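The structure appears below as structure tokens.
Bear in mind that the values in this text are calculations on the coordinates, not laboratory data. Because the structure is predicted, anything quoted here is derived from the model rather than measured. A quick note on method: Cβ atoms are made from the backbone with ideal geometry, for glycine too, and the neighbour counts reach across all protein chains shown.
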């Protein structure tokens, strides 16, 4: 699939280049099929999968992952925030060839034991930036 | 769906499994992101690949365990070996012999030391239990004492009883890994009310077993324990309901007790407390349970020989299989002897600890072989004899190619020499090639320009200092004698004959040995016909001599061999001894480091019993 690796997508275009599954496997309310993610949504889902994977979690590829959930158990300090940002940038650069990270914002809310992450990225060859925002928190 | 309709299923590696799945699925149009590591599709493929990998590994392991060559688990190896009619050897208790002298206070007609009389020996602070293996009657002496040799074996005697129940069958499993199966005594009692017992024996030849044969079988079970089972009413008598199986056996410590020579005695022997004991044979023969590697090696050989002793290899396989404490063995037909002795097979064995087998052990091996070898062929156990190579090594090195000192270079050569001896010599049938030695020594450092070596061959023996004896010292090597009358191929250490001390041996160049003393720096010949030397065979004969004393631990005779390659013959084991190494700086042509005696194992080999093998039935004639 060399064509796909070098493929590009413009969100304004209707051409579908990337197709993936949602990890939640929620069926489509009408067709009852598993939801299909396309283009920008597919890339966003992939980045989220990547960031939330801890190093050592992926079999036979112990360096894969953003290691964010592992860092949740650290004291939230400015240094930890920088670590999280760097981990995200490095992971996306290494593992997600479709996207280029433009900026990462990490908002720590220690009282809630949570971190809000906002990743601004650009899908390759697309003129527009995309944004992925999600919150991770400790559950124990 | 997929246009790549072929899915490769032969791969066992995770990455290639995943790659195959990717290639296969990329042909369909519904999804496309297989190539991106972070995609959900890729995560699903990881799970699928890992599961496939897991199954592949499991199946591969299962198939490995099905074959003797590739099996890793002991239970699998034992099971595969069972198909070849091979039962792995259990741990074996060491044996020793003790001479006992009992002085009774009264006048008994006989004294018997019962079986399982307890002794003990302490090794490295650990006390080990020893027992007499059988009941021994001591012999009455004119002075009122009773003497005898007690054979003792290491181990703790135990007894297990099982009641036969045909409706809910019992497995007769002995719950100790270190069980010595050779110690089994198995009886079956008729019932709890009827104490009549029958003794059962280990089946050795299935062709002699019928429905009434009182035999038992042994197997190692899945828990690495030994299980006894009996006949099915066709191949051996079948125990019936209510019978009581009584198994007496010992749990042993294997090799840990080999070499024990001091034994603490019980309070009384045969009921008498006034006694003395001396160790006549130190402990040997203790062995651990056969290893997986050994089972893999021996089982096919046992199957080949079918438990029959016909060829030389049959003897080697069976003796090594049944005796885990032997490090090397050689077998040859008597027709190869000089002179030939027809109708005999000679067996020479070297124990793992020590250099010579005890008479007790030799007899045990001999009787074990006798029941299986060809009729009319006698088995004779002979001791190993040692032939020592004395190399004089000269190493020339280029000082510009090394930063090491001459002494350090000399050390490297010493280490290499010791390593060479350990690797290539020390067992029966070894072949020593001088070129191989010098090449190996030269390879130890890149600064070595050349390594030269001259060798002498040495035999050592301990003469009987109180008895006129004949000694045949056989090197089995041609002696350097380029022309008749050549001198200087034989030397010896000093000894005493007929009150003349300081005697040395040499030869006249025509096959006659002479003795001489060194008086005022020159040889003073004392006996011009002390013995003979055969230059072709390397046989030295000293006939009817009383050598009343000798210098050092033994009498040593050295010859210069004709060739540079020395092949160990029959019961001969080659070692290196008395090696000297000189390192020479090639730039200055000066000797920079010399070592006179390298600590090879031949230096300290025990040869105490080398002269204990009588030849031709004569008690005063010894082959060395």
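How much FRET efficiency would the formula 1/(1 + (r/R0)^6) give for residue A:30 and residue B:35, where r is the Cβ-Cβ distance and R0 is 30 Å, rounded to 0.05?
0.50
Only Cα pairs under 8 Å and at least 6 apart count here; give the relative contact order of the stretch B:204-352 as a rounded whole percent.
Once divided by the residue count of the stretch B:204-352, the mean separation gives 13 percent.
What does DSSP give for the protein assembly as shown in terms of the percent of beta bridges that are antiparallel, rounded to the nearest 5?
Just about 85 percent of them are antiparallel.
Quick check: residue separation of residue B:267 and residue B:405 times 0.36 nm, minus the Cα distance between them. What number comes out in nm?
43.5 nm
Which of B:61, B:66 comes first, and how do the rest follow, when ranked by fewest Cβ neighbours within 10 Å?
Fewest to most other Cβ atoms nearby, the residues stand as B:66, B:61.
Calculate the mean, over all residues of peptide B:39-47, of how many other protein chain Cβ atoms lie within 10 angstrom of the residue's Cβ.
6
For chain B, what does -39500 (n - 2.57) per DSSP helix run (n ≥ 4), summed and divided by total residues, give at 222 nm, in deg cm²/dmol to the nearest 500?
After summing the helix terms and dividing by residue count, I get -6000 deg cm²/dmol.
Relative to the longest principal Cα axis of chain A, at what angle does helix A:39-51 sit, 0 to 90 degrees, rounded to 10?
Approximately 30 degrees, to the nearest ten.
Residue B:10 to residue A:73: FRET efficiency via 1/(1 + (r/R0)^6), r the Cβ-Cβ distance, R0 45 Å, to the nearest 0.05?
E(calc), rounded to 0.05, equals 0.55.
Shielding by partners for B:103-111, please: the mean number of other protein chain Cβ atoms within 10 Å of each residue's Cβ.
Average neighbour count from other chains, rounded to a whole number: 0.
Can you grab the distance from the C-alpha centre of the stretch B:89-162 to the C-alpha centre of the stretch B:311-342, Å, no decimals?
After rounding, the separation between the Cα centres reads 32 Å.
Quick check on chain B: take the gyration tensor over C-alpha atoms, sort the square-rooted eigenvalues as a ≥ b ≥ c, and tell me if it's rounded (a/c under 1.5), prolate or oblate.
It comes out oblate by the Cα gyration axes.
Indicate the gyration tensor shape class of the stretch B:153-200 (rounded, prolate or oblate), computed on the Cα atoms with a ≥ b ≥ c the square roots of the eigenvalues: a/c under 1.5 is rounded; otherwise a/b larger than b/c is prolate and the rest oblate.
Cα axes put the stretch B:153-200 in the oblate bin.
Can you give the FRET efficiency to the nearest 0.05 for residue B:341 and residue B:185, using r as the Cβ-Cβ distance and R₀ = 35 Å?
0.40
Of the DSSP beta bridges with both residues in the stretch B:288-409, give the percent that are antiparallel, rounding to the nearest 5.
Of the beta bridges lying entirely in the stretch B:288-409, close to 55 percent run antiparallel.
Rounded to the nearest 5, what is the percent of antiparallel bridges among the DSSP beta bridges in chain B?
Within chain B, antiparallel bridges account for around 85 percent of the total.
Take residue B:166 and residue A:86, extend 7 Å from each Cα along the Cα→Cβ direction, and tell me the distance between the two endpoints in nm.
Rounded to a tenth, the inter-label distance reads 8.1 nm.
Residues of B:24-35, mean number of Cβ from any other protein chain within 10 Å of their own Cβ, rounded to a whole number?
Per residue, the number of nearby Cβ atoms from other chains is 4 on average.
Relative contact order for chain B using alpha-carbon pairs under 8 Å, separation at least 6, rounded to a whole percent?
Reported relative contact order: 11 percent.
Please report B:332, B:130 as a ranked list, fewest other C-beta atoms within 10 angstrom at the top and most at the bottom.
B:332, B:130
Express in whole angstrom the spacing between the alpha-carbon centres of the stretch B:387-444 and the stretch B:196-219.
The stretch B:387-444 and the stretch B:196-219 have Cα centres spaced 56 Å from each other.
Contact order normalised by length for the stretch B:418-522, with contacts defined as Cα pairs under 8 Å and 6 or more residues apart; what percent is it?
Relative CO of the stretch B:418-522 lands at 12 percent.
Assuming a ≥ b ≥ c are the square roots of the Cα gyration tensor eigenvalues, decide whether the stretch B:239-307 counts as rounded (a/c under 1.5), prolate (otherwise, with a/b larger than b/c) or oblate.
Judged from the Cα gyration tensor, the stretch B:239-307 comes out oblate (a/c at least 1.5, b/c at or above a/b).
At a 10 Å Cβ-Cβ cut-off, how would you order A:119, A:82, fewest neighbours first?
A:82, A:119
How far apart, in nm, are the 7 Å Cα→Cβ label points at residue B:134 and residue A:133?
Rounded to a tenth, the inter-label distance reads 9.6 nm.
How far is the Cα center of the stretch B:507-563 from the Cα center of the stretch A:66-123, in Å?
92 Å
Simple spin-label model, 7 Å along Cα-to-Cβ: residue B:234 to residue B:66 in nm?
Distance between the two pseudo-spin positions: 2.7 nm.
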